[in-house]
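Accompanying notes for the structure given below.
A short reminder: the numbers here are calculations on the coordinates, not readings from a lab. Note that the coordinates shown come from a computational prediction; the quantities given were computed from them, not determined experimentally. Ideal geometry is used to build each Cβ from the backbone, glycine not excepted, and the neighbour counts take in all protein chains shown.
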Amino acid sequence: MFDALVQYGDLLQKAIWETLLMVGITMGVAIIVGGPLGLVLYLTGRGGLMERRWFNEVLGYAVNALRSFPFIILLVILIPVTRFLVGTSIGPRAAAVGLSVAAIPFFARLVEQSLRDVPRGVVDAAISAGASYAQIVRLVLLPEAMPALVSSLTITAISFIAYSAVAGAIGAGGIGDLAIRYGYYRFETEVMIWCVIVMFVLVQLTQWLGSWAARAVDKR
Amino acid sequence: MTARANAAPAIDMRNVSKRFQTEAGPVDALRPTDLTIAPGEIVGLLGFSGAGKSTLLRLMNMLETPTTGVVQVAGADLTSLGEAPLRRQRRKIGMIFQLFNLLSHETALGNVAFALRVAGVGRRERRERAREALKVVGLEDKVDAYPAQLSGGQRQRVAIARALVNEPDVLLCDEATSALDPHTSLSILRFLKRLNAERGTTIVIVTHDIKVADYVCQRCAIMQDGAIREWIDMSDPRPASPLGQFFLETAKGWTDETVLPDGSA
Ligand SMILES: Nc1ncnc2c1ncn2[C@@H]1O[C@H](COP(=O)(O)OP(=O)(O)OP(=O)(O)O)[C@@H](O)[C@H]1O
Ligand SMILES: [Mg+2]
């Protein structure tokens with residue numbers, strides 16, 4: 001068991017970094033693009049501060065369409081886009097493109113739901129105090145939803161740690177890739193087991209960090 | 001009083017109505033209504049659930065936009081104001097709610113300071129003024145407490161401080177004491193009365209509790225089905241409608257002889 005660790009330690013270490021890189025980029029894009037998208041879905045939705053029925057419907061369909069692609073098929077479809085953006089269709093940076101595209105609608109819907117859970121009365125109170133929409137978003141909605149937003153981030157991170165391993169099937173690099181190339185194709189069962197252990201630890205750490213952060217921002 | 005009687009009304013609504021479009025069709029929450037409230041008055045909006053009390057109240061600071069009509073409050077026509085002037089005008093109209101609606105991530109001080117922050121008041125000044133407002137409602141020792149650490153009555157006091165910190169001309173109260181025990185309710189109502197006497201703040205109180213109206217209000221609108229059925233002068237209540245009579249009976253206490261507003265025994 002530990003012989004394998006000595007023999008493949010370098011590979012495993014490299015794989016861990018590649019996975020962290022993929023998930024890191026994915027989370028960055030999810031926050032930067034998916035976050036505002038979720039906010040827009042919320043604001044323009046039914047009973048929202050800037051209700052725009054048609055716009056919201058169209059946006060909602062687009063988000064759902066993206067979400068309904070099986071992940072592996074999304075990766076394949078995106079290969080031309082990936083080639084254009086990264087110059088190659090293999091490796092962690094390339095996989096991050098597909099992962100990011102999948103993470104945007106995923107996180108956006110979670111953000112939308114988190115904002116919906118802020119009691120409407122709190123927003124009413126802010127409006128009657130004379131707050132502008134921008135102030136309501138910045139001083140009321142985002143901070144009041146923060147515990148839920150942190151949980152959403154945790155769920156997204158854990159989901160995409162798993163997805164990043166799936167991306168290994170098309171040569172993404174990272175732990176999933178290592179597990180497939182060595183553990184599966186070369187019957188190195190011990191490498192496979194180590195890969196699973198590392199994934200488990202990554203997920204646990206993420207969950208632990210996420211729960212801790214959610215508690216830290218929760219004043220309820 | 002004479003000076004007040006000549007002054008412009010604190011609230012003046014002309015032909016104001018509100019229709020909600022719902023999946024089940026349109027709902028007339030408020031039928032075309034005229035209403036005038038003088039500065040310094042304490043007025044009650046009384047009625048059963050669904051009568052349109054909250055809708056009428058929420059039209060007074062444009063939390064709801066009217067379907068028809070003109071809403072003038074604290075010297076400005078809210079219906080013709082642009083976004084920014086409307087926001088400024090809202091600082092002259094405080095509002096408190098049944099469930100307090102405080103920010104859970106802010107302390108008592110932060111919640112009160114919020115109303116100043118959105119008005120662009122600097123950090124130091126708003127902390128000072130928020131502290132002062134909390135003192136007025138008797139919460140000087142709870143400045144740094146989060147809402148979760150406060151009782152219902154204390155939370156409502158924070159909400160009142162938030163509503164008053166901009167020194168509004170008008171205070172709107174939507175079932176402000178409905179979630180509180182009688183003792184806490186009375187002390188809060190007493191505070192509102194004092195506020196009215198000392199600062200001349202015009203107060204509109206939505207309630208389905210005649211005791212509240214009886215104790216605080218000078219006159220009351222009896223509402224039903226999105227309309228004001230009648231006005232009752234609380235210093236000499238002589239209700240004409242069965243509904244008004246029922247509410248008054250209720251204030252005295254129910255008996256086996258109490259007639260329900262629909263005429264049934
Ligand atoms: N946002 C809304 N969308 C659709 N219908 C609404 C909305 N707000 C209120 N209504 C409807 O308008 C009518 C009046 O509601 P309102 O909240 O003004 O009543 P209320 O007198 O305050 O009742 P309660 O004592 O239960 O608070 C009700 O039939 C209600 O269902
Ligand atoms: Mg109501």
Which one, B:264, B:207, B:254, projects farthest toward the positive side of the charge dipole computed for the protein assembly as shown from Cβ point charges (K/R +1, D/E -1)? B:207
If one takes the longest principal axis of the Cα atoms in chain A, at what angle in degrees, from 0 to 90 and to the nearest 10, does the Cα axis of helix A:189-217 lie? 20
What is the average number of partner chain Cβ atoms found within 10 Å of a Cβ in B:145-154? 1
Taking only the alpha-carbon atoms of region A:2-217, what semi-axes of the equivalent ellipsoid follow from 5 times the gyration tensor eigenvalues under a square root, in whole Å, largest first? 38, 20, 12
How much net charge surrounds residue B:148 when only other residues with a Cβ under 14 Å from its Cβ are counted (Lys, Arg +1; Asp, Glu -1)? +1
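In whole percent, what relative contact order does chain B give with Cα contacts below 8 Å and a gap of six or more residues?
23
When you look at the Cβ of every residue in B:112-118, what mean number of other chain Cβ atoms sits within 10 Å? Before the final figure, lay out the partial values.
Details: counts 0, 0, 7, 6, 2, 4, 10.
Mean number of neighbouring Cβ atoms from other chains: 4.
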Given charges at beta-carbon only (K, R positive; D, E negative), |dipole| of region A:100-220 in Debye: 200
Cβ-Cβ cut-off under 14 Å around residue B:55, Lys and Arg +1, Asp and Glu -1: the net charge is -1
Quick one: among A:121, A:98, A:35, which has the greatest mean-square fluctuation in a GNM of chain A with alpha-carbon springs under 10 angstrom? A:121
Size-normalised alpha-carbon gyration radius of region B:1-99, reference 2.2 N^0.38 Å: 1.12
Proximal lysines relative to residue B:193, as straight alpha-carbon distance under 26 Å, when same-chain residues fewer than 8 apart are discounted: B:53, B:92, B:135, B:142, B:211, B:252
How many Cβ atoms of partner chains, on average, are near each residue of A:128-140 if near means within 10 Å of its Cβ? 6
DSSP bridge pairs, chain B: antiparallel proportion in percent, nearest 5: 50
What is the order of B:241, A:68, fewest Cβ neighbours within 10 Å to most? A:68, B:241
Region B:224-264-region A:165-184 distance, computed between alpha-carbon centres (Å): 76
So, for the Cα atoms of the protein assembly as shown, Rg and Dmax in Å stand at 29.5, 98
Could you tell me the center-to-center distance, by alpha carbons, between region A:104-125 and region B:33-106 in angstrom? 25
Round to the nearest 10 and give me the degree value, 0 to 90, for the angle of helix B:123-136's Cα axis relative to the longest principal axis of chain B. 50
At 37 °C and 0.692 mPa s, what whole-number value in µm²/s does Stokes-Einstein give for the translational diffusion of region A:131-175, with Rh from the Kirkwood sum over Cα pairs? 258
Write down the radius of gyration of region B:171-262 and its Dmax, each obtained from C-alpha positions, in Å. 13.7, 43
Mean Cβ neighbour count within 10 Å, used as a protection proxy, ranking B:84-92, A:104-112 highest first: A:104-112, B:84-92
Using Cα-Cα distances under 8 Å and only pairs 6 or more residues apart, what relative contact order does chain A have, in percent? 27
Divide by every residue of the protein assembly as shown the summed helix terms, -39500 (n - 2.57) for each DSSP H run of at least 4, and state the resulting mean residue ellipticity at 222 nm, rounded to the nearest 500 deg cm²/dmol. -17000 deg cm²/dmol
Of the candidates B:146, B:134, B:118, the farthest towards the positive dipole end of region B:101-167 (Lys/Arg Cβ +1, Asp/Glu Cβ -1, centred on the Cα centre) is B:118
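Over region B:101-167, what is the mean sequence separation of C-alpha contacts under 8 Å (at least six apart), divided by residue count, expressed as relative contact order in percent?
Averaging sequence separation for qualifying contacts and normalising by length gives 47 percent for region B:101-167.
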Nearest 20 debye, what's the magnitude of the dipole of the protein assembly as shown about its Cα centre given +1 on Lys and Arg Cβ and -1 on Asp and Glu Cβ? 1160
If you place +1 on the Cβ of every Lys and Arg and -1 on the Cβ of every Asp and Glu, how big does the dipole about the Cα centre of region A:2-217 come out, in debye to the nearest 20? 520
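First select every other residue whose beta carbon is under 10 angstrom from the beta carbon of residue A:7; then total the charges, Lys and Arg +1, Asp and Glu -1.
Once positives and negatives cancel, what remains is -4.
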